[in-house]
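Have a look at the structure below, then the notes.
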């Protein structure tokens, strides 16, 4: 929609959409005036709507609810610093949109932030390749907890990955806000997320347009431990053998894949787990799975037992019941993977188990070695005593 030789009235209407806050939204409803009911004006008005909503949401979250006001940086409250930064960015976006309108070019807010040269962070495209089942699965991916149950089966789809990442991030932020004691803000964020998912669903089903946030740069839960181990090695490596982060990350990825193959080989030699798969992740109830450690669900059993251990800690130390909501996230992921893979290892939790197992194994080896050396020493001492006694008798 560039270089159309548009008249000055249409260009002026497109430019005014940015500073006529909220009023310009009426441009989309006008069907009679050709200078307003024009694709060029509509495109800029929709971009202006996103900018205006950005101003409104930033004010509500940072100023009205005061998210982050308890944190001060150089005597400035964090909520005002965040609000000022976002307001400045949105104001510059408006100026940039007006400039492009004057150049007879369209403007999309997602173009300001790109995850690569060819991919915008906010992407809208026609959903021609998705049938009714695919659209239903995409919508389910946005629903908290339910999306995690189906992730294991459909994680190869980039659309499902992006939807689940947004779902997970939003859920964690909302629950963390609620745990922090800001109930009103948590409810507001929840309503905002529900409205966003409803808008995405209506757009997908009604007009076959798929609105997605490209979050491929954000690691999945399974990739986070790999990043952390790579980052630790990067920080602690010696200067003489310095290696770039991407090489360390590649090494950790290969080690993770090898570990996955090892567990696949182990589970293939074990007997099948015969109880319902959801029993693996029911806290407290799954303690009975200690009797089934020699089945092919061993990794799931270990995952579930650690979840039970964390549940007991929350109950013992009287943490807020809200923490159970966070614990419900790995439970849903685990149940989803239990139906599709026998070798799923909960990120972080299974790494902790592996670390403890290595420590226990090392301590056991040291104890065994010490015991063997002590026994050998006692045997040698006994032989020396016997030799001395025999020598005395001979004398």
Checklist entry - Looking at 252, 244, which is the one that is loosely packed, with under 14 Cβ neighbours inside 10 Å, at negative phi and not assigned by TED's automatic domain parsing to the domain that holds residue 153? => result 244
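Rundown of residues vs (1) modelled with pLDDT of 90 or more; (2) outside the structural domain of residue 261 (by TED's automatic domain parsing), yes/no style:
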site: 300; (1), (2): yes, no
site: 306; (1), (2): yes, no
site: 310; (1), (2): yes, no
site: 317; (1), (2): no, no
site: 330; (1), (2): yes, no
site: 335; (1), (2): yes, no
site: 359; (1), (2): no, yes
Checklist entry - Hey, among 47, 24, which residue is in contact (Cβ under 8 Å) with a residue 60 or more places away in the chain and within 18 Å of residue 108 (Cα to Cα)? => result 47
Next on the checklist: For the list (1) at pLDDT below 90; (2) under 20 Å from residue 224 (Cα atoms), I need the number of the one condition that residue 293 fails.
Outcome noted: (2)
Checklist entry - Going by the structure shown, is residue 281 closer than 30 Å to residue 135 by Cα and buried (at least 16 other Cβ atoms within 10 Å of the Cβ)? => result yes
Checklist outcome for this item: Filtering segment 154-167 down to residues that are touching a helix residue (DSSP H, G or I) at 6+ places or on another chain (Cβ under 7 Å) and more than 12 Å from residue 213 (Cβ to Cβ) yields 154, 155, 160
Next on the checklist: What's the total number of residues in segment 11-38 that are in a loop (DSSP other than H, G, I, E, B), out of contact with any helix residue (DSSP H, G or I) (no Cβ under 7 Å at 6 or more places or on another chain) and more than 14 Å from residue 51 (Cβ to Cβ)?
Outcome noted: 6
Checklist entry - Here are some conditions: (1) crowded, with 18+ Cβ neighbours inside 10 Å; (2) under 18 Å from the mean Cα position of the chain (by Cα). Residue 342 meets all but one. Which one does it not meet? => result (2)
Next on the checklist: Please determine whether any residue of segment 325-339 is under 14 Å from residue 281 (Cβ atoms), touching a residue at least 60 places away in the same chain (Cβ under 8 Å) and not in a helix (DSSP H, G or I).
Outcome noted: yes
Next on the checklist: Please go through segment 256-271 and give me each residue that is loosely packed, with under 13 Cβ neighbours inside 10 Å, touching a residue at least 12 places away in the same chain (Cβ under 8 Å) and within 25 Å of residue 222 (Cα to Cα), ordered by number.
Outcome noted: 268
Checklist entry - Looking at residue 209, is it modelled with pLDDT under 85 and surrounded by 13 or more Cβ atoms within 10 Å (Cβ to Cβ)? => result yes
Next on the checklist: Against the condition over 22 Å from the mean Cα position of the chain (by Cα), on the phi > 0 side of the Ramachandran plot and without any contact (Cβ under 8 Å) to a residue 24 or more places away in the chain, how does residue 181 come out, does it pass?
Outcome noted: yes
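The values are calculated or read from the model by the stated rules, or taken from the named source; none is laboratory data. Everything numeric in this text was worked out from a predicted model, so none of it was measured. Counting neighbours? That spans all protein chains shown, and the Cβs are built from the backbone with ideal geometry, glycine included.
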